[in-house]
Amino acid sequence: MGPLPQNADELQLEALGHRGELKRNFSPLSMLGLAFAILNSWTALSASLSLALPSGGSTSVVWGLVTAGICNLCLAASLAEFLSAYPTAGGQYHWVAVIAWKKWVPLLSWITGWINVSGWIALVASGGLLGSQLIVGVISLYNPNYVPERWHQFLIYIGYNVAAFVVNAFMNNLLPYVNKAAITWSILGFVVICITVLACASPNYSSAHFVFAEFTNETGWPDGVAWLLGLLQGGLGLTGYDAVAHMIEEIPNAAVEGPKIMIYCVGIGTFTGFIFLVVLLFVSGGDTEAIITSTAGPLLQILYNATQNRAGAVCLLMFPLICLLFATTSIMTTSSRMTYAFARDGGLPRSKFFAKVHSKLGLPLNSLCLTTVLVIIFGCIFLGSSSAFNAIISASVVALGVSYAIPIAINCLRGRKMLPPRAFVLPSAFAWFANLLGIAYVIITTVLFVFPPELPVTASNMNYCIVAFAIIIIISTIQWFVDGRKNFTGPRSEMGLEVLEAVKSQGNTADGIDPKLVEDSDRLHQH
């Protein structure tokens, strides 16, 4: 078997079935930076104002975020318990394999893994998409007669993703510093933009009624449904916090620090996002229709309304533009680790190839290349139909939400008794509340986010998210019957059994190993 690792994190990982191959380069602060860069809530929320403004107006923008924030905090706290018990890069599909009924372990783990991998690969595209839209908006602000072509935006989109690939592939040792820079730049941008627009717009602010109570419905749906559809903005701005799980094998003291970071990043994202959106609405000029229809895009139009200066508005826009580049880099990092983890357990075609860690670069280069190639293919779809590309982005939010809910739902169905002793434990009463509220939120939003955004429904405005999601299910089902049914048994645990036996025989509880680890591992392998 080879020598036992002297590090508590590596021993716990091996007891869960995997050898530690990735360097633990990330401190808790740099990991929080990565998680916050991925959520990048104030940037994502402001860049996606067009999702909520026609579907509930300011009430949907502000109170939709509060609603999504509370529900996602419940989901994050629920997942944090799993992360504390089983800190592996597999995340949700590994947790499902541990707690599910034995008969259904392979299938449920397979489905969860495919949904999660697909959601992350699709989410990589969101940074380049939003960034390219903002840049096209800058051109439109300076040249009102400019007619954007899809290939213009496509080239910008490719540039974002190639830059993210280069950083990930050849600057792996610098990623912790990149993530610290990301959180610093994000906070700086947040502060600078808030202070600048408030100072420039003074005293001509929008009314408090406009900011907190203005309701607009341009969707054709009944008012209640329209408002709920606007939750997509908050959902997009707060999704992706399972990044901490997929990067957990690269931080020290993972079982303790990981759960904290997962909850902190959602809390920080909700708080900063709320403040930023309220500030934008106060300085917006109070004309929802003009903001929605602006060719410059809602965010740049609001910045221009506040500053009354094109150059000033564009300078402020540089903060979210660079934030989106950081976000694209961080999301690609996480997506490649998730793909690597699932391939390591035999969940993908040619799994051995995608599970390789490059000896010199110290990262799963093949999985990183797969992510990048698929994102470029998604961009080619965008050349043919913007609706199809937007559907892939929506499907990523739906897919990630479903992957969050599956392990939580299984644990609830089994009486919340499947998790072993762990560092992070929710109080029982609150745990049930958080679990059930999170599941209900995922069910409601999963149904709503496949609705057409407006009525009457046409071929051009149809929400093709359900089609994209169905394609994922079909491909994974075919792969299950071709390969998975025979070869996939869920996360591998043979190595964990070896380590467990060695620990038992040697009585190794040194170097910070939790004595409960043996008990936890016993439970895992007996299950």
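The values are calculated or read from the model by the stated rules, or taken from the named source; none is laboratory data. For clarity, every value in this text was computed on a predicted model and none was experimentally measured. Counting neighbours? That spans all protein chains shown, and the Cβs are built from the backbone with ideal geometry, glycine included. For accessibility, only protein heavy atoms count, side chains too; no ligands or nucleic acids. Shrake-Rupley method; radii C 1.70, N 1.55, O 1.52, S 1.80 Å.
Listing for the model above:
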| quantity | calculated |
| --- | --- |
| Phe154 being modelled with pLDDT of 85 or more, within 21 Å of Leu348 (Cβ to Cβ) and in a helix (DSSP H, G or I) | no |
| Selection within region 140-173 - in contact (Cβ under 8 Å) with a residue 12 or more places away in the chain and open to solvent by 90 Å² or more (accessible area, probe 1.4 Å) | Tyr142, Pro144, Arg150, Trp151, Phe170, Asn173 |
| Check on Val166, part of a helix (DSSP H, G or I) and over 18 Å from Ser48 (Cβ atoms) | yes |
| Boolean, Val105 is at pLDDT 85 or above, open to solvent by less than 10 Å² (accessible area, probe 1.4 Å), part of a helix (DSSP H, G or I) and touching a helix residue (DSSP H, G or I) at 6+ places or on another chain (Cβ under 6 Å) | no |
| Filtered residues of region 45-83 (kept if over 17 Å from Ile439 (Cβ atoms), open to solvent by 10 Å² or more (accessible area, probe 1.4 Å) and part of a helix (DSSP H, G or I)) | Ala47, Ser50, Leu51, Thr59, Trp63, Val66 |
| Of the criteria (1) modelled with pLDDT of 90 or more; (2) open to solvent by 30 Å² or more (accessible area, probe 1.4 Å), which one Tyr177 fails | (1) |
| Candidate set from region 182-221 (those that are among the aromatic types (Phe, Trp, Tyr) and under 22 Å from Ser60 (Cβ atoms)); member that is most open to solvent (accessible area, probe 1.4 Å) | Tyr205 |
| Complete set of residues in region 49-76 that are of a type in the set (Gly, Ala, Ser) and more than 15 Å from the chain's Cα centre (by Cα) | Ser50, Ala52, Ser55, Gly56, Gly57, Ser58, Ser60, Gly64 |
| Every residue from region 252-287 that is at pLDDT below 85, surrounded by fewer than 23 Cβ atoms within 10 Å (Cβ to Cβ) and among the aliphatic types (A, V, I, L, M) | Ala255, Val256 |
